[in-house]
Amino acid sequence: MPVTPEDISKVIVTIKNYSSYDFSQYSKKSFTRRIEKVLIDYRLDIDKLINSIKNKPEFIEDLVRSITVNTTELFRDPRLWQTIRYRVLSKLASNRKINIWHAGSSTGQEVYSMLILLNEMGLLDQANVFASDINTDVLKKAKIGEYSYRFNLEYFENFDKVIKENPFKLDEFSEVPYEKYFDVNKLNDTIKVKDFIRKKPVWLKHDMVTEGNIFNTKFDLILCRNVLIYFDTDLQNRVINTFYQSLFRNGILLLGVHESIMGAITNNFIKSGLVYQKKK
Ligand SMILES: C[S@@+](CC[C@H](N)C(=O)[O-])C[C@H]1O[C@@H](n2cnc3c(N)ncnc32)[C@H](O)[C@@H]1O
């Protein structure tokens with residue numbers, strides 16, 4: 001039986017009543033697809049699914065893991081990383097401290113990209129890097145920092161574009177070996193982030209829908225990339241407002257390359273390309 005909008009509403013209301021999670025403003029299309037997959041994977045119908053949500057608290061955590069989309073990669077969208085390097089971090093270099101928050105950090109590749117870049121720019125020691133996600137499984141994987149070599153060969157192309165090449169000075173090339181940051185084991189099909197990078201970030205379980213800034217600090221830079229696409233417009237604006245409140249004056253917000261800020265809240269930022277700067 002196909003899942004109806006009424007079924008989806010029942011699932012959302014039950015999750016809300018039996019946990020701290022609120023998926024009522026997630027995009028219905030993507031949420032419905034994920035629930036359909038859960039029904040197949042767990043061999044359930046809607047009534048049994050709702051029963052499990054009501055009676056098995058640990059099932060709700062499984063459900064959250066199944067609902068969230070965790071696709072990510074190292075130096076994803078290299079052009080944005082060039083912007084981060086040459087237009088964002090270069091301006092923060094004179095700060096005594098640089099506070100960075102990766103909201104929706106998934107399995108950690110975005111965070112490690114940032115740390116590698118900070119290290120190449122000589123900014124690692126002055127950076128405080130926080131990373132958060134709603135999904136405890138991806139946070140566990142992120143902390144371990146080990147990825148498949150074979151499946152992620154394009155990581156190295158991205159790495160070259162951001163770390164080795166300078167798009168503004170084509171004759172400049174830095175010879176940075178991958179082994180500076182990763183233990184590469186082709187035989188075991190793994191790359192593992194080296195400890196001096198891996199131990200640096202603070203990883204936290206955090207739900208950006210129901211929780212505000214829990215970090216006891218404000219930020220110079222917040223990245224929330226490829227998360228807002230799963231939210232409706234109203235929720236996007238609420239979350240962006242949390243980020244706005246969490247930024248220092250002139251702080252920068254970076255979204256995914258296919259995401260943008262819309263509506264009245266745009267007046268709070270100066271937009272330049274993909275960079276949103278908090279207005280004074
Ligand atoms: C597609 S991944 C994006 C990862 C990374 N930012 C990137 O662009 O490569 C989206 C992540 O957002 C997380 N997420 C979804 N809803 C969330 C919420 N309410 N609070 C915190 N994280 C959330 C998911 O668990 C997932 O790991």
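The values are calculated or read from the model by the stated rules, or taken from the named source; none is laboratory data. Quick caveat, the model's predicted, so the values are computed rather than measured. Cβ: placed from backbone, ideal geometry, glycine included. Neighbour counts: every protein chain shown.
Annotations for the structure displayed:
- Members of region 145-197 found to be among the polar types (S, T, N, Q) and touching a Lys or Arg at 6+ places or on another chain (Cβ under 6 Å), listed by number: S174
- Scanning region 162-188 for residues that are assigned to a strand (DSSP E or B) and free of Cβ contacts under 8 Å to residues at least 12 places away in the same chain, we see that the one that is surrounded by the fewest Cβ atoms within 10 Å (Cβ to Cβ) is F173.
- Looking across region 30-81, the residues that are more than 16 Å from the ligand (Cβ to nearest atom), not in a helix (DSSP H, G or I) and not hydrophobic (A, V, I, L, M, F, W, C) come down to Y42, R43, D45, K56.
- For beta carbons closer than 6 Å, sequence separation of 6+ or different chains, a first residue in region 265-280 that is in a helix (DSSP H, G or I) and a second that is polar (S, T, N, Q), the qualifying pairs are I265/N237.
- Checked against the criterion of being within 15 Å of the ligand (Cβ to nearest atom), surrounded by fewer than 24 Cβ atoms within 10 Å (Cβ to Cβ) and touching a residue at least 40 places away in the same chain (Cβ under 8 Å), the candidates S113, S105, S132 yield just one match: S132.
- Among (1) out of contact with any helix residue (DSSP H, G or I) (no Cβ under 6 Å at 6 or more places or on another chain); (2) assigned to a loop (DSSP other than H, G, I, E, B); (3) without any contact (Cβ under 8 Å) to a residue 40 or more places away in the chain - the single one S20 does not satisfy: (3)
- Within region 158-181, the residues that satisfy the criterion of being touching a helix residue (DSSP H, G or I) at 6+ places or on another chain (Cβ under 9 Å) and hydrophobic (A, V, I, L, M, F, W, C) are F159, V162, I163, F168, F173, V176.
- Residue in region 136-144 that is assigned to a loop (DSSP other than H, G, I, E, B) and either over 19 Å from E61 (Cβ atoms) or within 19 Å of the chain's Cα centre (by Cα) (or both) present: no
- Scanning region 117-128 turns up no residue that is touching a residue at least 24 places away in the same chain (Cβ under 8 Å), within 15 Å of the ligand (Cβ to nearest atom) and over 21 Å from Y86 (Cβ atoms).
- Within region 1-28, the residues that satisfy the criterion of being more than 16 Å from L49 (Cα to Cα) and charged (D, E, K, R) are D22, K28.
- Meets criteria (modelled with pLDDT under 95 and of a type outside the set (K, R)) for P57: yes
- Residue pairs whose Cβ atoms lie under 9 Å apart, sitting 6 or more positions apart in sequence or on different chains, and linking a residue in region 141-161 that is under 16 Å from W203 (Cβ atoms) to a partner that is exposed (fewer than 12 other Cβ atoms within 10 Å of the Cβ), are G145/D195.
- Top-ranked residue of region 238-253 - restricted to ones that are buried (at least 18 other Cβ atoms within 10 Å of the Cβ) and in contact with a helix residue (DSSP H, G or I) (Cβ under 7 Å, 6 or more places away or on another chain), ranked as nearest to S27 (Cα to Cα): V239
- Residue count, region 189-234 (criterion: more than 9 Å from the ligand (Cβ to nearest atom) and either of a type outside the set (V, I, T) or in a loop (DSSP other than H, G, I, E, B) (or both)): 24
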